[in-house]
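For reference, the structure discussed in these notes is given below.
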Amino acid sequence: MEKLFKIYVYEEGQVPIFHDGPCFHMYLTEGRFIHEMENGKLYRTTDPNQALVYFLPFSVVRMVQFLYLPDTYDRNGLKLAVIDYINLIAHKHPFWNRSLGADHFMLSCHDWGPFTTAFVPHLFHKSIRVLCNANTSEGFNPSKDASLPEIKLLTPEIPRLGGQPPSKRSTLAFFAGGLHGHIRYLLLNEWKGKDQDVLVYEKVPHGVSYEEMMKSSKFCLCPSGYEVASPRVVEAIYAECVPVLISDGYIPPFSDVLDWKSFSVQVPVKNISDIKNILMSISNRQYLRMQRRLKQVQRHFLMNGPPKRYDVFHMIVHSIWLRRLNIRIQDLLST
């Protein structure tokens with residue numbers, strides 16, 4: 001892949017909606033990838049005829065920031081921006097029409113990423129969509145779309161990795177977070193303040209460190225919020241706290257090459273009341289094996305500048321590469 005894969009970044013579009021994105025806080029995966037493709041040298045080609053895929057460099061976060069008036073529910077500005085951009089590149093270049101967009105990709109960590117692609121049917125149904133909100137019930141198709149990890153960082157520094165050794169992790173399971181969505185309501189209603197082993201809070205108690213709680217817990221509960229993805233998954237990986245994914249329809253990042261069952265626990269929403277029994281049934285030997293595997297996969301979720309082999313940037317590109325291998329342009333033209 002490193003030798004053969006070439007990505008062309010369309011030059012059309014103006015900052016800040018195009019060629020730019022947030023590099024810190026909740027949506028940094030989106031912004032950092034855009035910045036690396038714009039300013040880095042890895043995989044990029046300036047000759048579109050040499051490219052195997054074509055990147056649509058718009059930021060849904062920036063669209064929401066500049067084209068959406070809060071609380072109006074009027075997303076017409078986003079709709080026009082996406083439709084106009086696809087029409088522009090389709091008329092100016094031959095590549096979109098050649099494949100009906102199948103060898104093109106967009107990337108978004110915003111909750112509205114999937115919704116935004118629906119404005120252009122071929123973008124939604126044929127293009128490679130790299131999304132944090134990887135929800136199969138909302139049209140995410142794992143055979144052509146790629147799941148993007150949601151990473152929350154407040155500074156450019158690499159976060160502190162690790163935590164207490166397994167023998168000193170005194171808490172079985174931990175969660176602290178706001179009442180965002182139906183799944184969290186079920187979790188808080190079932191477990192908040194009701195068990196000394198499964199510590200569930202809406203707010204971390206005064207004097208208690210959220211980060212240190214993750215670093216001293218065996219399992220970290222990662223329920224979906226309003227959407228399926230949660231930055232807690234990567235936070236748990238950094239803290240070497242085995243993540244417990246509580247969701248329906250969520251496809252975890254890099255599932256093509258990472259065996260999530262070897263370093264995480266996946267709990268269907270209907271089994272929230274049984275979380276303690278599920279975790280208690282995991283033997284100490286099995287837990288230690290999962291935690292060792294968790295340490296091994298950490299490097300795949302690190303955001304480095306510049307990127308390093310096997311880090312999150314390379315893993316994202318690899319996910320796109322795998323999906324591009326499934327596309328035969330000639331077959332598309334003959335259908």
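The values are calculated or read from the model by the stated rules, or taken from the named source; none is laboratory data. This one's a predicted model, so the numbers in the text were calculated from it and none came from an experiment. Neighbour counts run over all protein chains shown; Cβ positions are idealised from the backbone, glycine included. Surface accessibility is based on the protein's heavy atoms, side chains included, excluding ligands, DNA and RNA. Shrake-Rupley method; radii C 1.70, N 1.55, O 1.52, S 1.80 Å.
Quick notes
- Chymotrypsin sites (Phe, Trp or Tyr not before Pro) within the range 18-103, DSSP loop, no more than 11 other Cβ atoms inside 10 Å: Tyr73
- Cα shape, the chain, gyration tensor, a/c 1.5 rule: prolate
- Qualifying trypsin sites (Lys or Arg not before Pro) in the range 199-240, DSSP loop, other Cβ atoms within 10 Å at most 11: Lys203
- Principal-axis tilt of helix 284-297 within the chain, Cα atoms, nearest 10 degrees: 30 degrees
- Potential extension, Ala118-Ser281 segment - 0.36 nm per residue separation minus Cα distance: 54.4 nm
- Comparing Asp74, Asp248, Asp111 in a Gaussian network model of the chain, where Cα atoms under 10 Å apart are tied by springs, the biggest mean-square fluctuation is seen for Asp74.
- Dividing the mean sequence gap of close Cα pairs (under 8 Å, 6+ apart) by how many residues the range 196-303 holds gives a relative contact order of 23 percent.
- Crossing angle, helix 28-39 versus the chain [Cα axis fit, 0-90 degrees, rounded to tens]: 40 degrees
- Most positive-pole-ward Cα, Ser170, Ser230, Val204, against dipole of the range 122-257 from beta carbon charges: Ser170
- For the range 196-232, GluC sites (Glu not before Pro) are listed when DSSP marks them as loop and at most 14 other Cβ atoms sit within 10 Å of their Cβ; the list is Glu202.
- Only Cα pairs under 8 Å and 6+ residues apart enter the sum, and on that basis the relative contact order of the chain stands at 15 percent.
- Maximal additional length on extending the His180-Leu69 stretch stands at 37.8 nm, based on 0.36 nm per residue less the C-alpha distance.
- Residue with peak Gaussian network fluctuation, the chain [Cα springs, cutoff 10 Å], from Arg293, Arg98, Arg324: Arg98
- Cα centroid separation, the range 40-72 to the range 208-264 (Å): 28 Å
- Residue-count net charge about Ser262 - beta-carbon cut-off 11 Å; Lys, Arg +1, Asp, Glu -1: +3
- Shape class of the range 165-214 from the Cα gyration tensor (axes a ≥ b ≥ c, square roots of the eigenvalues): prolate, since a/c reaches 1.5 or more and a/b is larger than b/c.
- Computed in the context of the full set of protein chains, the accessible area of the chain at 1.4 Å probe radius has 52% of its extent on carbon or sulfur.
- 10 Å beta-carbon shell around Arg169, net charge (K/R +1, D/E -1): +2
- Computed as a quarter of the hull surface, the mean projected area of the alpha carbon convex hull for the range 184-335 stands at 12.2 nm².
- Cβ distances below 4.7 Å define possible disulfide partners, and in the chain the cysteines left without one are Cys23, Cys222.
- Most mobile listed residue (Ser283, Ser262, Ser127) in the chain, GNM with C-alpha springs under 10 Å: Ser283
- Cα gyration tensor shape for the range 1-75, rounded if a/c is under 1.5, else prolate or oblate: prolate
- Nonlocal amide H pairs with Ser230, under 5 Å, H built at 1.01 Å: Glu150
- Subtracting the Cα-Cα distance of Ser273 and Lys3 from their residue separation scaled by 0.36 nm leaves 92.3 nm.
- Here the chain is treated with +1 on each Lys and Arg Cβ and -1 on each Asp and Glu Cβ, and its dipole about the Cα centre works out to around 1080 debye.
- Angle between the chain longest axis and helix 182-191 axis [Cα atoms, degrees, rounded to 10]: 10 degrees
- Calculated accessible area for the range 6-66 comes out at 41 Å² per residue, all protein chains present (probe 1.4 Å; ligands, DNA, RNA ignored).
- ³J(HN,Hα) computed for each position of the range 159-171 - Karplus, 6.51 cos²θ - 1.76 cosθ + 1.60, integer Hz, glycine/proline x: x, 5, 9, x, x, 5, x, x, 5, 10, 7, 7, 9
- The mean sequence separation of alpha-carbon pairs under 8 Å and at least six residues apart, normalised by the residue count of the range 1-51, gives a relative contact order of 48 percent.
- Estimated vicinal HN-Hα couplings, Hz - the range 101-107 in sequence order (Karplus 6.51, -1.76, 1.60; Gly, Pro = x): x, 5, 9, 10, 9, 10, 9
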